[in-house]
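Accompanying notes for the structure given below.
Bear in mind that the values in this text are calculations on the coordinates, not laboratory data. From a predicted model like this one, the values you see are computed outputs, not experimental measurements.
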Amino acid sequence: MAKQAVGLLETRGLACLVVGVDAMLKSANVELAGPMKQVGSALCNAVVFGDVAAVKAALDAGAAAASESGEVVSAHVIARPDDAIDGVLPKDPGAAARAARK
């Protein structure tokens, strides 16, 4: 799947982030970019990628679901990200294994 867009969801607390990520992955054709990360001060974030419309729909669904069970700090879509952004995004350790199976 091409990285036409990147979506970032940041919450206060892991439980509401898990709820939000579950909703994002079920609502649109997006992939989770690596593991969810704890930033500090109870802030946690997750990154998804896919085409622009799918990422926007997924982020809307994820933010709505997460806000029902906790606090959403930020939800942002980056359309057509620069290639240099890969250096700061989490890496998916299973991506190489999935590519090898195809």
Tilt relative to the chain, helix 14-27 - C-alpha long axis, 0 to 90 degrees, to 10: 50
C-alpha long axis of helix 52-69 to longest principal axis of the chain, angle in °: 30
³J(HN,Hα) computed for each position of the range 38-49 - Karplus, 6.51 cos²θ - 1.76 cosθ + 1.60, integer Hz, glycine/proline x: 8, 8, x, 6, 6, 7, 10, 9, 9, 10, 10, 9
Gain in span if fully extended, residue 79 to residue 22, counting 0.36 nm per residue against the direct Cα distance: 18.3 nm
Where the Cα pairs of the range 1-74 fall when distances are cut into 10 Å bins, in %: 25, 56, 18, 1
